[in-house]
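A quick write-up on the structure given underneath.
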Amino acid sequence: MRWLRRLITLVEWWAVLLLAGLVVVVCFGVFFRYVLNSSLSWYDEFASYMLVWLTFYGMVVADFQRRHIGFELLVDKLAPTPRRIVDGLGEVAVLGFQFVLCYYGWVLTRTMADETAISLAWVKVGWINSVLPISGALVLLVSAMRLAGIVSGRSDNQGGHATWSGSSSE
């Protein structure tokens, strides 16, 4: 379990670097457009790709830390055994979705591997799409380990956080 926490920490730092890079790229594009009156043809597309990557890698971290929005009103009122069943069914649903994301992300990545981005001819679309199978596989791993914990009766609060209620005060 310690290795998974370290891996997710690396993914979290990667997401931080993506966010910082996104800020730099957008500021650079705005500077060129409004100060130098010379638009860059590539910055918008590049920033979009960075935002997609940030979203998917952020999803991995949020899932591990159980920070996705959860509607726990009914589940919190259940007895331990029915709650484990509901939690298990939820993780099976997440596993199913992540399997689809991982598999079809891999298919898309391989299919589009030799295509290039529109304004960035040196960027392969396969590199851009690689976020789909990678993030899908990482969440698949996290969810499988969480499901194993639920089935075995161990704590399923992996990541050290409770599910986020959606409140901005948390």
Positive end of the dipole of the chain, charges at C-beta (+1 Lys, Arg; -1 Asp, Glu), about the Cα centre: which of TYR34, VAL151, VAL92 has its Cα farthest in that direction? VAL151
So the angle from the long Cα axis of helix 131-152 to the longest Cα principal axis of the chain, reported in degrees to the nearest 10, equals 10
Sites removed, the longest contiguous part of the chain containing no DSSP-loop chymotrypsin sites (Phe, Trp or Tyr not before Pro) with at most 14 other Cβ within 10 Å is 1-70
Between TRP122 and LEU36, 0.36 nm times their residue separation minus their Cα-Cα distance comes to what? 28.4 nm
Just report the Cα centroid separation between the stretch 12-87 and the stretch 128-144, whole Å. 14
Within the stretch 49-85, name every residue whose backbone N is under 19 Å away from a label modeled 7 Å from Cα of VAL16 along the Cβ vector. 51, 53-67
Compute the helix-to-body angle for 80-111: its Cα long axis versus the longest principal axis of the chain, expressed 0 to 90° and rounded to tens. 30
The stretch 1-81 - charge dipole about Cα centre, Lys and Arg +1 at Cβ, Asp and Glu -1, debye rounded to 20: 300
If you work out Kirkwood radius over Cα pairs in Å from the coordinates, which of [x] 15.9; [y] 18.1; [z] 17.6 do you get? [y]
What length, rounded to one decimal in nm, is gained on full extension from SER48 through to MET1, with 0.36 nm per residue of separation minus their alpha-carbon distance? 13.6 nm
What does the charge dipole of the chain about its Cα centre add up to, to the nearest 20 debye, if the Cβ of each Lys and Arg holds +1 and the Cβ of each Asp and Glu holds -1? 460
Could you size up the charge dipole of the stretch 53-150 around its Cα centre, putting +1 on the beta carbon of Lys and Arg and -1 on that of Asp and Glu, and report it in debye to the nearest 20? 200
Please give the calculated 222 nm ellipticity per residue for the chain, where each DSSP H segment of at least 4 residues contributes -39500 (n - 2.57) and the sum is spread over every residue; nearest 500 deg cm²/dmol? -23500 deg cm²/dmol
Rounded to 10°, Cα long-axis angle of helix 2-34 versus longest principal axis of the chain: 30
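Coordinate-derived values only; no laboratory data. Not measured: the values here are computed from a predicted model. So basically every Cβ, Gly included, is an ideal-geometry build from the backbone, and we count neighbours across all protein chains shown.
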